[in-house]
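Here the structure is laid out as structure tokens; the discussion comes afterwards.
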Amino acid sequence: MFLTRSRHRMAQVDAGHIDDATLIASELVTNAGRHGRSACRLRLQVSDDRVTVEVYDDNPNQPRVRPLTAEGESGRGLAMVRCLAQRFDIIPVSGGGKRVRAVLAI
């Protein structure tokens with residue numbers, strides 16, 4: 001996997017952070033496919049102190065972040081992403097679409 005490759009001058013990403021980044025990427029790509037109704041693009045970036053997961057899709061509609069509940073069987077993905085990420089934002093892209101970004105501190 002991308003995060004386990006050895007890179008010069010980059011901090012070692014531990015297994016917990018790899019699991020978190022994998023879950024975030026999975027949730028964001030799933031949401032883009034299910035609700036964005038378009039192709040999506042995934043971008044992963046690793047630096048010395050963070051992992052950034054970005055997903056782009058062509059749908060300009062903003063996703064809704066629902067509160068986490070014990071009874072909910074779906075709709076919890078973005079809430080989980082917000083809990084795991086140090087930073088989470090949704091940014092409109094010029095020409096239509098949006099970028100959903102989650103940044104994890106490592």
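The values are calculated or read from the model by the stated rules, or taken from the named source; none is laboratory data. A quick note: this is a predicted structure, and the numbers were derived from the prediction, not measured. Don't worry about glycine lacking a Cβ; one is built from the backbone with ideal geometry, like all the others, and counts go over all protein chains shown.
Here are a few things to note about the model shown:
- If you check R50, R66 for being touching a residue at least 12 places away in the same chain (Cβ under 8 Å) and in contact with a Gly (Cβ under 6 Å, 6 or more places away or on another chain), only one passes: R66.
- Residue check, L44 outside any helix (DSSP H, G or I), at pLDDT 90 or above and surrounded by 12 or more Cβ atoms within 10 Å (Cβ to Cβ): yes
- Those residues of region 63-106 which are among the charged types (D, E, K, R) and part of a loop (DSSP other than H, G, I, E, B), in sequence order: R64, R66, E71, E73, R76
- Selection over region 55-78 of residues that are surrounded by fewer than 18 Cβ atoms within 10 Å (Cβ to Cβ) and over 15 Å from S38 (Cα atoms) gives a count of 13.
- Residue in region 81-103 that is at pLDDT below 90 and surrounded by 14 or more Cβ atoms within 10 Å (Cβ to Cβ) present: no
- Selection count, region 47-77, where residues are among the hydrophobic types (A, V, I, L, M, F, W, C) and at pLDDT 90 or above: 3
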